[in-house]
Structure formats: structure tokens, C-alpha cells
1. If I filter the range A:103-138 down to residues being over 22 Å from A:Leu152 (Cβ atoms) and away from every other protein chain (no Cβ under 14 Å), which single residue comes out as most open to solvent (accessible area, probe 1.4 Å)?
2. Quick one: is A:Ile383 within 13 Å of chain B (Cβ to nearest Cβ), open to solvent by less than 30 Å² (accessible area, probe 1.4 Å), over 25 Å from the mean Cα position of the chain (by Cα) and of a type in the set (A, V, I, L, M, F, W, C)?
3. Please verify whether the range A:29-36 includes one or more residues that are open to solvent by 40 Å² or more (accessible area, probe 1.4 Å), more than 25 Å from B:Lys322 (Cβ to Cβ) and at pLDDT 90 or above.
4. Of all residues being part of a helix (DSSP H, G or I) and under 15 Å from A:Glu224 (Cα atoms) in the range A:139-152, which is farthest from the other protein chains (Cβ to nearest Cβ)? Just the residue, please.
5. For the range A:187-235, what are the residues that are at the interface with chain B (Cβ under 8 Å from one of its Cβ atoms), within 27 Å of A:Phe431 (Cβ to Cβ) and either touching a Leu at 6+ places or on another chain (Cβ under 6 Å) or without any contact (Cβ under 8 Å) to a residue 12 or more places away in the chain (or both)?
6. Tell me, yes or no, whether the range A:48-61 has at least one residue that is open to solvent by less than 80 Å² (accessible area, probe 1.4 Å), in contact (Cβ under 8 Å) with a residue 24 or more places away in the chain and under 30 Å from A:Thr199 (Cβ atoms).
7. Against the definition (open to solvent by 50 Å² or more (accessible area, probe 1.4 Å) and at pLDDT below 90), how does A:Arg149 come out, yes or no?
8. Looking only at helices (runs of 4 or more DSSP H) that fall completely inside the range B:51-170, which ones have 3 or more residues that are within 14 Å of chain A (Cβ to nearest Cβ) and modelled with pLDDT under 55?
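The values are calculated or read from the model by the stated rules, or taken from the named source; none is laboratory data. Here the structure is a predicted model, which means the values were calculated and not measured. Virtual Cβ from ideal backbone geometry, glycine too; neighbours counted across all protein chains shown. The accessibility values were calculated without ligands, DNA or RNA, using every heavy atom of the protein model including side chains. Shrake-Rupley method; radii C 1.70, N 1.55, O 1.52, S 1.80 Å.
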Amino acid sequence: MPKHYRPAGKKKEGNAARYMTRSQALKSLQVNLNLFRRLCIVKGIFPREPKKKVKGNHHTYYHVKDISFLQHEPLLEKFREIKTYLKKVQKAKAKKNEELARLLLTRQPTYKLDRLIRERYPTFIDALRDLDDCLTMVHLFAVLPASDRENLEVKRVHNCRRLSHEWQAYISRTHALRKVFVSVKGIYYQAELEGQKITWLTPHAIQQVFTNDVDFGVLLTFLEFYETLLAFINFKLYHSLNVKYPPILDSRLEALAADLYALSRYIDASSRGMTVEPKVDASSSSQSNDRAESELRLAQLQHQLPSSEPGALMHLVADKEVEEDEETRTCKSLFKDLKFFLSREVPRESLLFVLPAFGGIVSWEGEGAPFNEDDDSITHHIIDKPSAGHMYLSREYVQPQWIYDCVNARIILPTEKYLVGRVPPPHLSPFVDNEAEGYVPDYAETIKRLQAAARNDVLPLPGVGKEDLEDPQNLLYAGVMSRTEEAEAAKTKKKMAELEKQYHEELKKEVTGIEVDEEATPMVEEGEGEESVPDASQIEQDTADMPTLMMSRKKKKLYEAMKMGQKKKSESVERIKQRKKNLKADQ
Amino acid sequence: MGKGSKSSRKGKKAWRANISTEDIEDFFEKSTKDALSGGNLSAAPSEELFHVDKSHDIPVKRKIEKNREKVLRCDSVLKKNPFVQVVSSSKPKSKISKKKTNVVERKTPKQAQKNVDDGSVMMDLWGDDNNSGMFSIQKLTSTIPAVEVDPAGCSYNPTAESHEDMLAEAVAQEMQKVYKTELGPEPVPLTIDGDANIEDEAGLLSVCNRIINGKSAYFLGVDNGSEGEEEADAENEVSEAGNKLPRTTKRVTRVVLNKRSRQKALRKLETKEKLKEKISKEIDRFEAPPVQVLLTEEMTGSLRKLKACCTLARDRFKSLEKRGILVPSKNIRR
């Protein structure tokens with residue numbers, strides 16, 4: 001029997017056998033670098049860091065199993081086919097046969113990523129877990145300008161925009177939005193779906209720029225994959241609402257860039273069992289225009305219906321499978337009975353998303369809006385100018401930050417501080433857990449008090465109230481409290497030990513027949529008392545050390561590391577407090 | 001028969017096998033044929049065999065015309081042939097007209113459909129969710145979240161304390177860069193003042209090393225050993241000639257030449273290693289993106305006047321690098 005032949009230089013085990021460099025991978029897959037990159041991104045294969053880099057530090061390493069996984073991918077064949085097809089196009093162009101080139105380009109073979117999505121995310125929950133990056137990318141590309149240099153087509157940008165609007169419409173319809181944070185980078189949102197917390201970032205309404213240090217080819221490949229993923233997710237979500245996907249919207253509203261509003265209307269109409277007639281011709285003749293207007297009026301009336309009778313709508317949409325838990329109900333009723341009007345300079349898209357997600361009714365300046373500026377029932381007018389022009393008396397003029405802060409606090413904050421022309425109080429981040437940091441900013445305390453007051457109104461239990469109005473400063477002394485507790489425990493223990501000793505001694509004396517010297521015992525006690533002071537501290541330390549003694553060395557080290565982290569945090573808190581004091585002193 | 005003409009003829013047995021007499025028989029056959037048919041062809045004069053055609057009935061065509069008129073058979077078949085008569089159809093006329101209208105109408109709905117499903121067929125991908133617990137996904141990037149929320153100091157209207165915190169961080173980042181450039185080793189200049197008095201090998205070598213580090217093209221571009229040696233010779237000659245009294249250039253010995261080539265190889269190795277180092281430094285370093293925080297002057301508290309970040313693509317790219325999906329590299333992509 002011939003021996004099993006292994007070629008010279010090929011290792012059998014160890015890191016050398018398990019990892020290969022990128023160039024080795026390319027050779028084994030017989031593919032060029034661009035294609036390899038795209039395939040890796042789309043399949044979700046990433047380079048790894050082996051403990052020992054066999055071929056040197058300046059290579060990227062891939063796991064051998066990953067590469068062999070890639071080899072059996074039918075997409076590889078598809079990519080190669082497309083490459084050879086493009087060669088035909090190139091040939092036609094070189095022979096100055098433009099017509100043939102154009103004809104060939106229309107018949108280009110395409111590929112679909114559906115199978116890959118199913119492979120990478122076998123269940124819906126898995127797909128939801130990866131939605132963060134997907135949503136951020138899609139929202140970002142929805143506002144980027146189309147560019148030939150970066151191969152970004154207008155169609156793609158429009159598709160991204162449509163997907164992002166569909167997602168926002170779903171979230172606001174099911175009241176799944178939980179937190180909003182406006183930062184310099186953009187607006188962070190957090191929603192909760194099926195127990196998963198999904199966080200994404202939306203850019204501000206400013207022109208985005210293409211920087212030099214970003215490889216847009218890579219980003220576009222990611223975008224391709226994420227677009228398909230988001231489309232499927234939207235489909236599933238809309239189906240759970242019994243709404244047809246892809247939604248066909250009123251073309252007039254789309255043209256007016258009121259996509260979100262059109263979508264919300266579509267969802268309302270569909271969930272109520274009505275079908276919105278599809279408009280095939282985007283170029284509308286006069287007939288279709290009239291039809292559109294009458295439909296618009298009809299739909300507007302329907303939209304007005306739920307606004308006046310929220311309860312009726314709940315009953316109508318009885319086949320809603322979404323179970324409303326406590327949070328959703330609070331979110332839904334936050335802005336109930338409030339009507340908002342947005343001025344021109346406020347971030348319209350963001351507010352149009354946030355306000356209906358919390359139960360409010362919105363309108364804005366411009367065509368196609370549900371109601372006009374001079375509507376009497378408007379309760380709040382959102383404005384960001386230094387001074388409002390003509391002010392109605394029946395409504396309050398507030399800055400947009402009021403809405404975001406209300407949403408984060410889940411109560412209606414007093415509007416005084418946010419009125420027009422004033423600098424509003426600081427916008428706090430809802431993603432920061434103030435208790436955990438140990439430091440609570442002033443405004444957060446105010447909000448807490450208001451929240452407690454609101455809860456008191458709802459639950460008139462005096463006992464509960466007192467507990468709510470706890471001093472948040474107490475939490476800082478949590479460490480100290482436990483120490484005092486320990487000291488107390490040590491003292492009681494010591495007392496118990498003393499009493500035990502006394503009892504034993506008395507027993508002994510009884511046994512030996514010596515009379516109990518009552519005078520001696522207090523002295524003994526005192527003497528013991530003197531010794532007891534160090535004893536108490538000793539016992540205290542013992543009780544503190546007890547858990548550490550039982551731990552293994554590894555756990556002890558971990559515990560000490562945790563303690564160091566806590567110490568650092570408390571130091572930074574102290575620093576912040578010191579700064580605050582200094583600021584106040586300067587002022 | 002099996003044996004060739006040069007096989008040994010030793011012994012009776014060799015003679016017993018047939019010695020082929022084919023050539024003799026062929027000759028006889030030929031001569032009898034020729035005699036029967038009227039003479040040997042090679043002996044006949046050329047006038048009897050060939051006839052030169054000197055008639056001019058068909059005009060001589062030009063080569064180009066000939067080529068142009070050639071039509072491929074497949075093309076000619078497709079052309080209308082006047083000799084083929086049209087067969088009357090067996091179907092009644094009404095049916096024919098219907099077919100035509102169908103063709104016209106089909107175009108418009110197809111176009112409309114194209115806009116709606118532009119690729120994947122929409123279906124519920126996770127419809128049969130219940131029996132797909134068998135797949136186990138490899139989660140490589142679960143530790144670092146994909147979208148990291150900025151700390152509270154990056155809010156558009158932050159509290160004073162958190163804002164100072166973030167400013168301190170941003171300043172620290174910038175200062176680190178400054179310190180690195182200040183305290184790091186001095187970058188080597190591209191050119192240095194040449195000392196013409198360098199005569200010994202050691203001095204020349206040190207100068208060469210310094211120049212190589214500054215990436216002078218003079219020594220690096222050299223492939224051929226001999227070329228370099230010649231140049232080195234020329235340098236030597238010039239320098240020597242320049243300083244001292246003009247005398248006949250010293251013949252460089254073979255020993256010296258070998259030494260020089262060895263040192264050149266060494267220098268090449270050194271530069272290669274340094275290049276590798278540089279690349280590894282580029283690859284293994286992940287540069288954190290700058291903190292997006294407002295400057296004190298920019299803090300107006302107004303959302304309308306907010307100087308927002310317009311390079312969000314970079315944030316996404318850095319996040320990908322941070323999670324290890326992309327390998328960071330310092331090269332500018334364009």
C-alpha cells in the first residue's frame with residue numbers, strides 16, 4: 001500500500017494548516033481580488049487573527065474552512081459568468097458597435113442574494129439582531145447624493161429612501177420607538193421589536209460629503225446586501241400587519257416628498273381592509289389627476305376619523321396581532337389628544353417619524369398636509385426661529401427639543417423652558433444610565449421629580465410617593481451604607497460572642513463552685529470592650545475578606561479588577577463634581 | 001517479412017524468410033502500364049500534357065470586388081427568395097388579427113411590472129420558521145456592537161460637565177498626535193550635503209546607508225551589479241580626481257569590487273525589511289475616528305444652527321474596521 005502522499009511544505013496540523021493568507025485563498029478559489037472581496041462581504045466571511053502568523057505579520061489570514069465554504073458557493077459561478085459577459089460588451093465597444101453593446105447590457109445576467117440571507121439568518125430574530133448596521137447604512141445612503149465617480153446611481157438612492165421610509169412607517173405605526181438622542185453626528189433611535197433592541201443612526205438633514213479615506217466600493221457591496229435584507233424584513237413586518245408589500249403609494253404625495261405620511265395612510269387604509277387603487281402611470285393624464293384628488297380627499301377624511309376617535313380605530317383594527325405590552329401602551333398615549341404643527345425650519349422627517357410613533361397628530365406647511373397652519377385645534381406649534389411671527393393664543397410655541405426630551409422622559413414636560421427664543425435646557429442622552437455612572441446631571445434630577453409627580457397623580461398611594469422621592473445622592477453612598485451595615489453586623493456578632501463567652505464562664509463557675517463575681521465582670525467587659533474596638537474593625541475586615549478567601553485566584557483577580565473600575569468611576573464622578581463647583585464659583 | 005532490409009543474413013534461416021521483391025515487381029508493373037497506355041509520363045513533352053487557355057471571354061475581376069460579393073450562406077438563406085411562393089394560410093383571418101393586437105398590448109403591462117419587481121421575488125423568507133433550528137450561525141462579531149451611541153457629551157445641546165469631558169477627550173487625541181510627531185525620531189532628509197572627501201569604504205557605506213533611508217533613487221534603482229559598480233567607479237574617480245592632483249585613475253581591484261557588491265546586497269535586504277515593517281505598521285493599526293463633539297463656540301443650543309457632521313460614511317467605515325470585518329490600512333484609497 002503506498003503511503004499517503006502529502007506535498008512537501010504542506011503542514012498537517014497547527015495554525016499553518018488551519019489558516020491561509022489572502023493570496024493563497026485567491027489562488028485556491030481562482031478568483032481576482034475584487035470578486036473575492038465582494039464574495040466575502042456578501043457571505044459574511046471575515047479575516048481572523050491566528051495566534052501564530054505563519055507567513056508573516058503583513059498578511060491577512062482566513063480560516064481554511066471559510067475558504068472551502070466559499071468554494072461551494074453558486075454565486076461564484078454567477079460572478080464569473082457576469083465577468084465573461086462583460087468581456088463581450090467590451091469587445092463590442094472596441095469594435096465600435098455601440099448598439100450591440102447597449103443591447104448586451106440590457107440582457108446582462110443578474111444574481112439574487114435571497115438565498116444568502118436565508119443562509120446567514122435562518123430565523124427572523126437573527127435578522128433582527130443584525131439590523132443595526134443595516135438600518136444605519138440604508139439611512140445614510142438614502143441621503144447621499146448620487147455620484148458617478150463612486151458608482152452610486154440615483155435609482156439606488158431612491159430605493160434606500162423608500163426602504164427607510166417603510167421601516168419608519170412600520171415602527172411608528174406599531175409604536176415601537178423607545179429612545180431618541182440628537183447628537184452632532186446625527187439622530188440615534190432605539191426601537192424594540194420582539195424583545196430585541198434595535199439602535200440606528202440617521203444623519204441630519206445636511207449635505208453629506210464623500211471623503212477620501214473611505215472605500216466606497218466596499219460600502220456599496222455592504223449596501224447591496226443590506227438593501228435586500230431590509231426589503232425582506234419589511235415584507236415580513238408588513239405581512240404581520242396584514243398590509244400588502246411592496247406598498248403602492250399616492251404618487252402625488254411621493255412627488256411632494258411626503259413619503260412617510262403617504263405610507264402611514266396606506267397602512268391605515270390597508271389594515272382597515274380597503275385597497276388603495278394602484279396607479280400605473282406616473283405621468284398622469286387629466287383623468288387620473290381628478291381621480292387622485294378625490295381619492296386624496298377621501299383618504300384625508302378617513303385619516304381625520306381615527307384622530308377624533310382613537311378608541312374606534314383600536315376596535316376596527318381587531319386583527320392586529322401585535323400584543324401591546326405596558327410600554328407600547330404608554331408610548332402610544334404619550335401625545336394623545338395633542339395636535340402638532342411643524343414650521344418650515346424644524347427637522348421635518350425626524351419629527352414626522354417620532355410624533356406619530358407616540359400617538360400625536362402632525363401636520364406641516366406645504367401641499368398635501370392634513371391640516372393647515374390656521375387650524376384651531378392645534379395645541380403645539382413647533383418652531384425653531386429666534387422669534388415667532390404671528391402667534392396664536394390657543395397654542396404653545398415650543399422648540400423641537402421639547403418633543404425629544406418628552407419622548408425620553410415618557411411624560412409631558414412643562415414647556416416653559418423650551419419656549420421660543422430661549423436656550424433650552426441640556427439635551428440628555430437616554431442611552432446613559434445615570435445610576436450606573438453614579439453621577440446625575442441637574443436636569444435629570446428635575447425630570448425625575450416630574451416623573452415621580454406624574455406617577456403620584458396616577459397612583460395616589462402616599463407610601464409609594466415617599467419612596468419615590470428618594471435622594472439620588474443616596475446611591476453614591478451605597479458603598480458607605482454597606483460598610484456601616486457591615487460594622488453593625490460586626491458589632492452584633494461581637495455582642496453575641498461576648499454573651500456566649502459569659503454564659504460559658506458562668507457555667508464553668510457554677511461547675512467549679514466559685515461565686516460569680518459580679519463586679520469583676522463589668523471590668524472584664526470593659527477590658528474586653530477596650531480590646532473590642534480593634535476587634536470590631538478586625539471582625540469587619542474579616543467579614544469583608546470572607547468572600548474573597550473562598551474565591552479562586554482567577555475570581556479574586558476579577559473581583560479586584562472590578563473594584564478598580566468602580567474606583568475609577570467614582571474618581572471621575574468626583575472630578576465632575578469638582579468642575580461643577582468651580583464653574584459655579586466662576587459664575 | 002517482419003525483418004527490415006538491414007537484418008542479419010546469417011544462416012539459412014535468414015534466407016528462408018521472404019526477401020521482399022516489391023520494388024522489382026512495382027517496376028515491372030509500371031513499365032507494362034506505361035507501355036499499354038502509351039508511354040511514360042515523365043518522358044512526354046509538356047505540350048501534350050498541358051494546355052494554356054488564352055481565351056478572354058470572362059473579364060478579370062478585381063480582388064476587392066470578388067471579396068465584396070461574397071455572401072454568407074446563412075445570410076442568403078434569410079434573404080427573400082423570389083422563387084419561393086407564399087403559401088396561403090390555412091387559418092381564418094379573424095384569428096390572425098387577434099394575435100397581432102395581443103402582441104401590441106403585452107408591451108405596456110410588462111413595462112409597468114418591471115418597475116415593481118426589479119429583481120427578487122418578494123416572499124416571506126422566514127415563513128416556515130418552526131423547523132429551522134438546525135442551523136447554527138457563527139457569530140464572530142457579537143462583542144462590539146455595530147452602532148455605538150455617542151456618549152452624552154456629544155449631544156447637540158450637552159450639559160456643561162459632559163461637554164467638558166468630551167472636549168478633554170478630543171483634545172487628548174489631538175495632543176497625542178502632536179506629541180508623536182514632536183517626540184518621535186527625526187525624519188531622515190532626502191538629500192544631505194555630500195562630503196567629497198570620503199575615501200574609505202566605511203565612510204562611503206555610512207553615507208550610502210543614510211541616503212538609502214531617505215530613499216534616494218541613486219542606489220535603489222540599480223538592478224545590475226556591474227552597472228552599479230561602474231557608477232561607483234565613476235564616482236570614485238570623480239571624487240578622487242576632484243580633490244587630488246590629476247593622476248591616472250586607480251584601478252579598482254577585484255577584491256574591492258566583490259566587497260562592494262556584497263554590501264549592496266546587504267543594503268537591499270535592509271531596505272526590504274524596513275519596507276515590511278512599514279507595511280505591518282500600517283496594517284495592524286486601527287485609527288479611531290475623531291470624536292464628534294461641538295466646540296464651545298459652536299454650542300448654541302439651537303437645532304437649526306447646529307453644525308452637523310457631514311462625513312457619516314467615515315463613521316460606518318471605521319465601525320466596520322473596528323469590528324474586524326475590514327482590515328484597516330493607512331493607504332488613501334483613491
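1. Applying the filter and picking the extreme gives A:Leu103.
2. yes
3. Yes.
4. Taking the candidates together, the pick is A:Ala142.
5. Hits for the range A:187-235 are A:Tyr188, A:Trp200, A:Pro203, A:Ile206, A:Gln208, A:Val209, A:Thr211, A:Val214.
6. Looking through the range A:48-61, at least one residue is open to solvent by less than 80 Å² (accessible area, probe 1.4 Å), in contact (Cβ under 8 Å) with a residue 24 or more places away in the chain and under 30 Å from A:Thr199 (Cβ atoms).
7. The answer is yes for A:Arg149.
8. Those helices (runs of 4 or more DSSP H) span B:93-116.
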